[in-house]
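One structure below.
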Amino acid sequence: MKTILKTSAILLFVFTSNLFSQLIYIPGGNIGIVSNANNGVGIGTATPTSRLHVSENLPGLNTMFILRNTSTSSGSGTAIRLFSSTSENNLPSLLSNVPDSYGSNFIFNLRKLDGSYHDAMKIRGDGNVGIGTDAPQAKLEIYDSNPLSSNLNDNKLLYSLKAHSGGSNVMNNIWLRRDNAGSDWPTTRFHDGISVDVSFLNPGTDTKTWWERDPYNNIQSWGNEDQIWMTLNEGKLGIGTSNPQAKLEINAEGNAFNLEDNTNNALMLKGTDQVLYMGVNSDDHISYIQSVDYATAVAPLILNARGGSVGIGTTTTGSHKLAVEGSIGAREVKVYTGEWADFVFNKNYQLPSLEQVEQHIDRNGHLEGIPTEKEVIENGIGLGEMNAKLLQKVEELTLYMIQQNKEMYSLKEEMRVLKSSIGK
């Protein structure tokens, strides 16, 4: 009786045609197969919940299902084809295993609306996974064969990593974006930005905290929405500008640069043989700039070597190279001037008489050639020029004293002669 039941169960699941046959084998001599008109076929279960339900208690890792193509022809493999309806032309999908030089391959093959098939995903024998490609060169390679359209700002979404924040879906998206009209890679950029739900989905316009790379012009940019915050352009870093002209260019309103350091040397500009230090000494409550030469330990510090002026305590320098609002303390000041007062001692110098000097003082209230009090208050004095004028007056005074000395000597001689004459 058992033999009859086994044979009947096996024959129940044998299907034949002119091309192939299928056989279900029941191990252990038990039937183990249940056909349920309402639920389907059960193997190892009497209550199948799907059209084919396989169940077995196999401790550890065990094989429960095998499909094998015994053909030795090149390119032969095993496949499962899935249909969405009774029609074979209604967009079937295919799971297959076709071995090659990498070993076995697990392929998801889908049918497009135009009737053509393509490998949507391939897991290769070496562990590489390809989506959109059947020859993945990395552990995960994704390829979109549909070309980017050619208009300015056209884009296509390549990748999206999405998570629920509790109230919204937050996405890290990567687009391929056209930054100029064109049809090849020189006008494309990779745009990596943040989107939320259905907002901030337009790269170059409203995506949040984005990073964009231009492989043709060697440019990387960072920004938010339509604002560019920072650009790395062929090794030149621009902050607030997309076209830096130096290794570092900052374009900002207000405070453009803030550097904090616990040491005294907060900023160091380094040349071939010299270093310029700029920093803050918190102990002495001072800020400083120091130029250092590697050989001599100190080096000159030049300000406005190509022209211009310097103001200390003032923003108004006028025509002065150095304008200081306040006093200057120095142990020595050396002034180079283009004129001096030694011309007073030239033989052809016309020394004004003391009567002329007196008349000028009575008329103008100051020495001739010396600025007035009003002029000094309004315009200041030139240190070199003023010293030269004062020296001129000192030298003129010296000449007056020499003249007076000669006159006094002449008077003394006359007095001596007169006394000598009276004494006789």
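The values are calculated or read from the model by the stated rules, or taken from the named source; none is laboratory data. Just so you know, these numbers come straight off a predicted model, no measurement behind them. Cβ: placed from backbone, ideal geometry, glycine included. Neighbour counts: every protein chain shown. Calculation scope for accessible area: heavy atoms of the full protein, side chains included, ligands and nucleic acids excluded. Shrake-Rupley method; radii C 1.70, N 1.55, O 1.52, S 1.80 Å.
Data overview
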quantity: Top-ranked residue of region 371-424 - restricted to ones that are under 20 Å from Val333 (Cβ atoms) and touching a helix residue (DSSP H, G or I) at 6+ places or on another chain (Cβ under 6 Å), ranked as most open to solvent (accessible area, probe 1.4 Å); calculated: Leu391
quantity: Answer residue from region 15-74, given it is in a strand (DSSP E or B) and open to solvent by 70 Å² or more (accessible area, probe 1.4 Å) and is modelled with the highest pLDDT among those; calculated: Leu52
quantity: Hey, Gly127 assigned to a loop (DSSP other than H, G, I, E, B) and open to solvent by less than 50 Å² (accessible area, probe 1.4 Å) or not; calculated: yes
quantity: Candidate set from region 131-185 (those that are in a loop (DSSP other than H, G, I, E, B) and of a type in the set (A, V, I, L, M, F, W, C)); member that is surrounded by the fewest Cβ atoms within 10 Å (Cβ to Cβ); calculated: Ala138
quantity: Failed item in (1) more than 15 Å from Phe200 (Cα to Cα); (2) within 27 Å of the chain's Cα centre (by Cα); (3) not aromatic (Phe, Trp, Tyr), with Ser160 passing the rest; calculated: (1)
quantity: Filtered residues of region 344-363 (kept if of a type in the set (A, V, I, L, M, F, W, C) and touching an Asp or Glu at 6+ places or on another chain (Cβ under 8 Å)); calculated: Val344, Phe345, Leu351, Val357
quantity: Leading residue by the ranking (most open to solvent (accessible area, probe 1.4 Å)) among those in region 327-352 that are farther than 18 Å from Glu368 by Cβ and charged (D, E, K, R); calculated: Arg331
quantity: Qualifying residue in region 239-251 (condition: open to solvent by less than 80 Å² (accessible area, probe 1.4 Å), among the polar types (S, T, N, Q) and touching a Ser or Thr at 6+ places or on another chain (Cβ under 9 Å)); calculated: yes
quantity: Residue in region 201-215 that is of a type in the set (Val, Ile, Thr) and within 17 Å of Leu148 (Cα to Cα) present; calculated: no
quantity: Residues within region 333-354 that are more than 17 Å from Met401 (Cα to Cα) and among the aromatic types (Phe, Trp, Tyr), tallied; calculated: 3
quantity: Qualifying residue in region 381-396 (condition: in a helix (DSSP H, G or I) and among the small types (Gly, Ala, Ser)); calculated: yes
quantity: Top-ranked residue of region 271-298 - restricted to ones that are among the hydrophobic types (A, V, I, L, M, F, W, C) and in contact with a Leu (Cβ under 9 Å, 6 or more places away or on another chain), ranked as least open to solvent (accessible area, probe 1.4 Å); calculated: Val275
quantity: Within region 203-283, strands (runs of 3 or more DSSP E) holding 1 or more residues that are among the hydroxyl-bearing types (Ser, Thr, Tyr) and either modelled with pLDDT of 90 or more or out of contact with any strand residue (DSSP E or B) (no Cβ under 7 Å at 6 or more places or on another chain) (or both); calculated: 208-214, 219-224, 227-233
quantity: Criterion violated by Leu94 - all others in (1) over 48 Å from the mean Cα position of the chain (by Cα); (2) modelled with pLDDT under 75; (3) open to solvent by less than 80 Å² (accessible area, probe 1.4 Å) satisfied; calculated: (1)
quantity: Search result, residues across region 284-302 that are hydroxyl-bearing (Ser, Thr, Tyr) and modelled with pLDDT of 80 or more; calculated: Ser287, Tyr288, Ser291
